[in-house]
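Readers should treat all values here as calculations from the given coordinates under stated rules, not as data from a laboratory. All values reported here derive from a predicted model rather than from experimental measurement. All Cβ positions, glycine included, derive from the backbone under ideal geometry; neighbour counts span all protein chains shown.
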Amino acid sequence: MIFQPARDVVLLHGLWMPGLVMRPLASRLEARGYRTHVFDYAGRVRPLEVHADRLMRFAREAAGGAPVQFVGHSLGGLVVLAALARPQPPAVASVVLLGTPALGCMAGRRLAGAAPGRWMLGESHPLWQEGRICRWDRRAPLGVIAGMRPSIGLGRMLGRLPGANDGVVRVEETEIDGMDDRIVLPVGHTELIFSARVETQTAHFLAHGRFNHDD
């Protein structure tokens with residue numbers, strides 16, 4: 001299959017963050033010729049299905065029904081996956097996920113161990129549970145960027161996370177059956193949306209359907 005990139009890119013932020021945090025990454029992609037659209041949503045106050053339905057409408061309107069490319073950070077990646085699993089999803093050219101805990105999140109489960117933590121997670125609480133199954137079976141390429149610098153993050157505040165991780169999400173939690181490519185970079189969880197190296201790899205995937213592993 002010949003990869004066909006798309007001009008329109010929809011970006012999604014993670015839990016507890018406003019859409020504004022995606023503007024630096026959006027601006028860098030705009031400098032490369034893409035037309036970007038930031039999807040803002042209240043991650044903790046609505047169920048995943050509500051965000052997914054809104055994203056479907058947003059993506060269609062943003063691109064006028066043409067194929068779009070998605071870039072989702074953390075929970076934003078789960079919203080993308082949920083939207084594309086709905087009946088009659090928007091046309092998609094490719095997807096890049098940044099630190100998305102597709103298989104659940106140990107740090108989130110630890111946070112949910114106390115009432116204040118469950119309140120902080122809100123409606124996103126079920127998404128971090130262990131035993132989630134995630135499979136990609138669409139023809140459009142899916143790329144995953146995972147971080148591996150646990151210097152600062154939710155996981156460090158709640159105890160050390162086992163294995164390689166970005167301070168919040170473990171690399172093994174980003175595994176998606178059927179994904180086309182994955183690359184692990186030395187950045188923390190929040191750094192994933194500000195790092196120039198992450199942006200370079202994201203742009204490479206949007207253009208070619210694969211990461212540049214020679215970088």
Take the alpha carbon atoms of segment 21-38, find their center, do the same for segment 75-136, and report the distance between the two centers in whole angstrom. 23 Å
For Ala85 paired with Arg54, estimate the spin-label separation in nm (one decimal), with each label point 7 Å from Cα along the Cα-to-Cβ line. 2.0 nm
Determine the calculated [θ] at 222 nm for the chain from helices alone, applying -39500 (n - 2.57) to every DSSP H run no shorter than 4 residues and normalising by the residue count; nearest 500 deg cm²/dmol. -8500 deg cm²/dmol
Computed over segment 1-105, Cα set: Rg, Dmax in Å: 12.8, 40
Pairwise label distance in nanometres, Arg182 with Met148, each label 7 Å out on the Cα-Cβ vector: 1.2 nm
Paired Rg and Dmax values of segment 8-208, which use every Cα atom, in angstrom: 15.5, 46
Relative contact order (%) - criterion: Cα under 8 Å, at least six apart; region: the chain: 20 percent
Given +1 on the Cβ of Lys and Arg, -1 on the Cβ of Asp and Glu, and no further charges, what dipole in debye does the chain carry about its Cα centre, rounded to the nearest 20? 340 debye
Inter-probe distance in nm under a simple model that places probes 7 Å from Cα toward Cβ, at Arg7 and Ala114: 5.2 nm
